[in-house]
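The values are calculated or read from the model by the stated rules, or taken from the named source; none is laboratory data. The shown structure was predicted, so the numbers you read here are calculated from the model rather than taken from an experiment. Here the Cβ positions follow ideal geometry from the backbone for every residue, glycine too, while neighbour counts run over all protein chains shown.
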Amino acid sequence: MEYREIAPIMGRLWSPLAAVTSAWQGKINAQIAVAITAASIVPDRPRVLVQIYKGNYSHRLICGSQAFGLNFLCRHQLHFIRDFGLVSGVDREKLEEVDYSLGETGVPILAGCMGFLECRLVNAMDGGDMTCFLADVVAGFASPDLAPVTWREARSLIPKEWNEAWNEKISGEVEISRSRMSDIDYTAWTPQAVNPGAEGD
Ligand SMILES: Cc1cc2nc3c(=O)[nH]c(=O)nc-3n(C[C@H](O)[C@H](O)[C@H](O)COP(=O)(O)O)c2cc1C
């Protein structure tokens with residue numbers, strides 16, 4: 001099978017752009033993600049599934065705190081793609097000049113987003129290169145007047161340099177993922193088993 005044969009559907013499976021916020025041991029961070037899906041049909045027990053790459057600083061904070069926030073971006077917030085998605089928070093404070101408040105789990109809630117979901121981990125599955133987190137939505141809001149934005153739309157709106165920086169970053173990460181995605185730990189996840197220091201040090 002050639003990837004181009006399935007590309008029209010694979011490309012549509014990505015979610016709207018979100019800034020995933022996290023907080024652990026006095027550190028806060030934000031990264032961009034599009035691997036997010038609803039994961040419950042029970043209205044009073046909402047859940048999400050989110051995939052986070054193990055090399056990300058956010059992965060360490062999420063494993064440590066067992067919580068994260070999903071801040072769905074609007075068109076006026078596309079600068080967050082550069083600020084949160086093209087660089088790591090491992091050696092910088094990404095939220096220093098960003099307007100936010102803190103949720104009940106301690107994760108940042110960014111001002112001006114289309115919607116926000118505050119999430120506590122329920123389970124996790126090792127994907128080799130990434131971890132797939134299942135989480136309860138414990139708080140949130142969504143504006144009926146604002147629209148989320150997809151990466152497909154955003155690519156045509158952001159400066160050429162950011163697109164180029166992304167192309168360069170993703171080509172390196174594809175090779176890292178290719179080398180790690182078969183290296184799966186099939187041990188069942190427990191909150192105690194998470195070792196937040198294992199990645200990205
Ligand atoms: C459009 C876009 C989509 C992304 N989607 C994801 C994703 O779904 N999951 C993920 O772990 N990283 C994703 N990333 C990559 C992270 O945002 C990026 O590696 C970030 O620098 C990690 O930051 P951190 O090291 O501070 O956690 C995406 C980046 C962009 C620009």
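Descriptive notes on the structure:
- Flag for Leu117 being of a type outside the set (D, E, K, R), surrounded by 15 or more Cβ atoms within 10 Å (Cβ to Cβ) and within 18 Å of the chain's Cα centre (by Cα): yes
- Some residue of the stretch 55-77 being part of a strand (DSSP E or B) and surrounded by fewer than 21 Cβ atoms within 10 Å (Cβ to Cβ): no
- Residue list for the stretch 128-149, restricted to those being buried (at least 20 other Cβ atoms within 10 Å of the Cβ) and out of contact with any strand residue (DSSP E or B) (no Cβ under 7 Å at 6 or more places or on another chain): Val149
- The residues listed here are Ala193, Ala198, Ala188; of these, the one that is within 16 Å of the ligand (Cβ to nearest atom), exposed (fewer than 12 other Cβ atoms within 10 Å of the Cβ) and modelled with pLDDT under 95 is Ala198.
- In this structure, Leu157 does satisfy being within 15 Å of the ligand (Cβ to nearest atom) and touching a residue at least 12 places away in the same chain (Cβ under 8 Å).
- Inside the stretch 1-14, residues that are without any contact (Cβ under 8 Å) to a residue 60 or more places away in the chain and under 23 Å from Asp126 (Cβ atoms) make up a count of 2.
- Top-ranked residue in the stretch 29-59 [being near the ligand (Cβ under 8 Å from one of its atoms) and over 10 Å from the mean Cα position of the chain (by Cα); ranked as nearest to Ile184 (Cα to Cα)]: Gly55
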